[in-house]
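Worksheet: the structure to be examined is printed underneath.
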Amino acid sequence: MAAWNSSPARALVHPGGSATEGSSGTRGAVTAWASTSVTLRRLAWLDVGVHTVEATGIDVAFESFGPEGGVPMLLVMGLGTQMIAWPDALCADLADRGYRVVRFDNRDVGLSTHLTELRAPSPVDTLLRREPPPYTIDDMAEDAAGLMDGLGWGDAHVVGASMGGFIAQSMALRHRRRLRSLMLVMTSTGSRRVGKPTPRLAGRLNARRGVTDRTSAQSVAVETFRAIGSPGYAFDEEYVADLAGRSWDRAHDPGGYLRQLAAILAQPDRTAALQRLTIPATVIHGLDDPLIAPSGGLALARALRGSRFVGYSGMGHDLPRELWSDMADQIQLLADRADARS
């Protein structure tokens, strides 16, 4: 049975298996939360410099936060998005709670290996199964598992956002004993019946204009996140532009984006397989997400036995600054539940 939570940030909380579609009509009443502050002490948790490990024949670039002996936690990011999109403040908050937090660049983005020798088929050909992708979501999951090997981690709490959620699910299915818990943010099951983008947004993203330099990369990012971001929160244009600029400086690879997109379009429906998992899980989703509709997150919560669904009114397909602290609370709540069970 659906249970409303009195906290304004958590608009709606459902246990897995009994989740129902939530209304986003309450967001007008949920407008202001305290922002997360960043202190120099907390940012000191960041290990200086990017490190790499070899996994599945590629170099995976990563950064670490928190005490070396902390509880392992792996953050997996989404399509065409570099690890720096995991906010420093969120990573530092988790490090403050005793976790050894690692964020990393997936293959084909940032400072990890770019598979430029592989041609990405057209999205239509991939979607219609006329041509296979150059690699799969499962391959990307093996990269993440290989990173854990290189870090010397036998297991970890895994947090995946958007495409990172697809990868995290594949990790859970292929390496279920290595995941202490599974936190899935703004993602879906792989089924084409749920989590579909709004028609207006799909057309708009298909018509994205090209990026030719740092300034245009920033402009396109601002335009994109105005379209997919959180309508219940103030749009932080300066933050988005800065992130896009730093991403351009690290690596810009349109071909890598297309190769990752092909992996997404070719992914299977994992619903039946997920029903066999017993890993403690929580699903977080924006109730105003126009890119992956809330039905995707709700389908995950139904499939994952014993999971919780946390829906944020006013949240779209991004990580609003005002929710970073509450998301860290949700991650810790799940991790504590999982660790208490083991």
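Remarks
- Calculated translational diffusion coefficient of segment 113-270 (20 °C, 1.002 mPa s; Stokes-Einstein with Kirkwood radius over alpha-carbon pairs) equals 123 µm²/s.
- Convex hull volume per residue for segment 236-280, taking Cα atoms only, in Å³: 152 Å³
- Projected onto planes of every orientation and averaged, the convex hull of the alpha-carbon atoms in segment 178-323 covers 9.6 nm².
- For segment 224-299: rounded, prolate or oblate by the Cα gyration tensor [a/c cutoff 1.5]: oblate
- Applying 0.36 nm per residue to the separation of residue 51 and residue 118 and subtracting their alpha-carbon distance, the gain on full extension is 21.6 nm.
- Taking the average, over residues, of other Cβ atoms within 10 Å as the packing measure, peptides 335-341, 151-157 rank 151-157, 335-341 from highest down.
- Residues with amide H under 5 Å from that of residue 313, placed H, sequence gap 5 or more: 11, 12, 287
- Span from the segment 122-193 Cα centroid across to the segment 268-291 one, whole angstrom: 12 Å
- 12 Å beta-carbon shell around residue 184, net charge (K/R +1, D/E -1): +2
- Residue 79 long-range amide H proximity, modeled H, under 5 Å: 163, 164
- In order along segment 68-82, phi translates into HN-Hα couplings of 4, x, x, 5, x, 9, 10, 9, 10, 9, x, 4, x, 10, 8 Hz, rounded to whole numbers, per the Karplus curve 6.51 cos²θ - 1.76 cosθ + 1.60 with θ = phi - 60° and x for Gly and Pro.
- Where only alpha carbons of segment 276-342 are counted, the Rg and the Dmax (Å): 12.5, 37
Quick note: the coordinates plus some simple rules give every number you see, no bench work behind them. Source: prediction; values computed, not measured. Cβ coordinates were reconstructed from backbone atoms using ideal geometry, including for glycine residues, and neighbour counts include every protein chain displayed.
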